[in-house]
Amino acid sequence: MNFVGYRGLFAKTEGRSLHKFLLAVFFATLAVGGVLLAFSLRFNFLNAQFRLAFSLMLALSFILFSFVLVSNLIIVFFRPVTKRVFSKSRRKFLRFYLDVTILILALSYFFKGMYNASHVPQVKPQEVRLKGLKEPLKIAMITDVHLGDFLGVPFAKALVERINLLDADAVVIVGDIADLHPKRLGEYIAPFAEFKSRYGTFYVPGNHEYYHGIEGALKEISKIGIKVLGNESVQVGGINLAGVYDLIGYRYKFYEPDLEAALKNTDKNLPTVLLAHQPKFIRYMHKDVDLVLCGHTHGGQIFPFSLLVKLDQKYLAGLYQVNDKMQVYVSRGAGFWGPPVRVLAPSEISLLELKGE
């Protein structure tokens, strides 16, 4: 990525050896930061400050790469025209100022993304029609909070304050609650004990809970009164609310998702809402439910990375009709993972207003 950025941005400008050298140093630094971050994810040798710095480097690398790639494609497309209309010196002049514009736009994109990620998410209302639902039901939903070194207790408290204003019938947390060892988790999630709703707070794990110790995480979450729906269901507010463990359980060979077990005790006369962290769990479903609630994608977090996420998960963000019976709603998540940057993928607190057809 950084080589493409370097070659596509100013590097072909004649002269200016100093600026070429500085540009090379800049992109080499970004590349080293990305490599160190990748190794840190495997061996965990960086402190929080360095992880933050290198995460930002990775985000900036990707953004510059994307802008340079698009600008170069535009240049190639219009090259036959510019060669006929402009002289060589004029083309060099225009290319230099195009590069300056691209750099300014990329940096603006980057800093706006940092601003977006650092704020408490707004509430995103979504009406969903369910066949057989007799009374309206309001569910406040958060996913991918990723509490930890960057988003701490104040962020958790702010989420609770905002959700408690919604007068929800139930609160659901659909995975990736934190990036913390279970020994540290309790302090960070303590504010979530203050969620207020008619039927309580329900939770299923995401893939990140497995990375840090899922068994301990589930114990800490249960301690504060949150109901873990691990391959099980409850009846609340005229629906079956079911949940499954995350798909990554298949890789770890424990806490594996089991849809059959999750739906075993459901009331067939009620609509069923399933909590499943990853949207692609739908590919593994041998039975339909009425509505699946998912997270994991972050809405792509940084466009155009969202295009790759969509290839993996199919359902990126928002409400989709899967088939004649089943719908899926994918939240863009409340926090962020990796770079504290969000562009064209704002974080959200989802307010699902379920109504009968």
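The values are calculated or read from the model by the stated rules, or taken from the named source; none is laboratory data. No experiment lies behind these values; they were computed from the predicted model shown. Backbone-built Cβ (ideal geometry, glycine too); neighbour counts: all protein chains shown. Accessible surface is based on the protein model in full, side chains and every heavy atom, while ligands, DNA and RNA are left aside. Shrake-Rupley method; radii C 1.70, N 1.55, O 1.52, S 1.80 Å.
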- prompt: Within region 324-357, can you find the residues that are of a type in the set (A, V, I, L, M, F, W, C) and either free of Cβ contacts under 8 Å to residues at least 24 places away in the same chain or in contact with a Gly (Cβ under 7 Å, 6 or more places away or on another chain) (or both)?
  reply: Val330, Val341, Val343, Ala345
- prompt: Inside region 27-66, can you point out the residues that are basic (Lys, Arg) and more than 16 Å from Val341 (Cα to Cα)?
  reply: Arg42
message: Tell me yes or no: at least one residue of region 161-169 is out of contact with any Phe, Trp or Tyr (no Cβ under 6 Å at 6 or more places or on another chain), modelled with pLDDT under 95, not acidic (Asp, Glu) and not in a helix (DSSP H, G or I).
response: no
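Only one residue in Arg84, Arg91 is at pLDDT below 80, over 29 Å from Phe303 (Cβ atoms) and surrounded by 13 or more Cβ atoms within 10 Å (Cβ to Cβ), so which one is that?
That would be Arg91, the only listed residue that is at pLDDT below 80, over 29 Å from Phe303 (Cβ atoms) and surrounded by 13 or more Cβ atoms within 10 Å (Cβ to Cβ).
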query: If we scan region 188-204, do we find a residue that is closer than 23 Å to Glu256 by Cα, touching a Leu at 6+ places or on another chain (Cβ under 8 Å) and open to solvent by 20 Å² or more (accessible area, probe 1.4 Å)?
result: no
query: Given the conditions (1) open to solvent by 70 Å² or more (accessible area, probe 1.4 Å); (2) in a helix (DSSP H, G or I), and given that Arg51 satisfies all but one, which numbered condition is not satisfied?
result: (1)
- request: Search region 177-187 for residues being buried (at least 21 other Cβ atoms within 10 Å of the Cβ) and at pLDDT 95 or above, and hand back the single one that is farthest from Pro125 (Cα to Cα).
  value: Leu185
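Could you say which residue among Glu220, Glu260, Glu209 is crowded, with 18+ Cβ neighbours inside 10 Å, over 22 Å from the mean Cα position of the chain (by Cα) and not polar (S, T, N, Q)?
Glu220
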- request: Please give the strands (runs of 3 or more DSSP E) falling wholly within region 182-296 in which 3 or more residues are more than 22 Å from Ile349 (Cα to Cα).
  value: 232-236
- request: Any residue in region 101-116 that's under 28 Å from Leu151 (Cβ atoms): show its pairings with residues that are assigned to a helix (DSSP H, G or I) and among the hydroxyl-bearing types (Ser, Thr, Tyr) at Cβ separation under 9 Å, as long as the two are six or more apart or on different chains.
  value: Ala106/Ser66; Tyr109/Ser66
statement: When Leu98 is run through (1) touching a helix residue (DSSP H, G or I) at 6+ places or on another chain (Cβ under 8 Å); (2) open to solvent by less than 50 Å² (accessible area, probe 1.4 Å), the failure sits at (2)
query: Looking at Phe27, is it without any contact (Cβ under 8 Å) to a residue 24 or more places away in the chain, assigned to a helix (DSSP H, G or I), surrounded by 13 or more Cβ atoms within 10 Å (Cβ to Cβ) and not charged (D, E, K, R)?
result: no
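Condition first: under 24 Å from Ala217 (Cα atoms), surrounded by 15 or more Cβ atoms within 10 Å (Cβ to Cβ) and over 21 Å from the mean Cα position of the chain (by Cα). Now tell me which residues in region 227-256 satisfy that.
The answer is Lys227, Val228, Leu229, Gly230, Asn231, Glu232, Ser233, Val234, Leu241, Ala242, Tyr255, Glu256.
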- prompt: Does region 301-323 hold any residues that are touching a residue at least 40 places away in the same chain (Cβ under 8 Å) and under 30 Å from Pro271 (Cβ atoms), and which are they?
  reply: Gly318, Leu319, Val322
- prompt: In region 299-327, what residues are within 16 Å of Asp246 (Cβ to Cβ) and open to solvent by less than 10 Å² (accessible area, probe 1.4 Å)?
  reply: Gln313
task: Within region 156-176, track down each residue that is open to solvent by 20 Å² or more (accessible area, probe 1.4 Å) and closer than 23 Å to Ala317 by Cβ.
output: Ala158, Arg162, Leu166
- prompt: Of the residues that make up region 3-22, is at least one among the aliphatic types (A, V, I, L, M) and at pLDDT 80 or above?
  reply: no
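In region 60-73, what residues are hydrophobic (A, V, I, L, M, F, W, C) and surrounded by 11 or more Cβ atoms within 10 Å (Cβ to Cβ)?
Result: Leu60, Phe62, Ile63, Leu64, Phe65, Phe67, Val68, Leu69, Val70.
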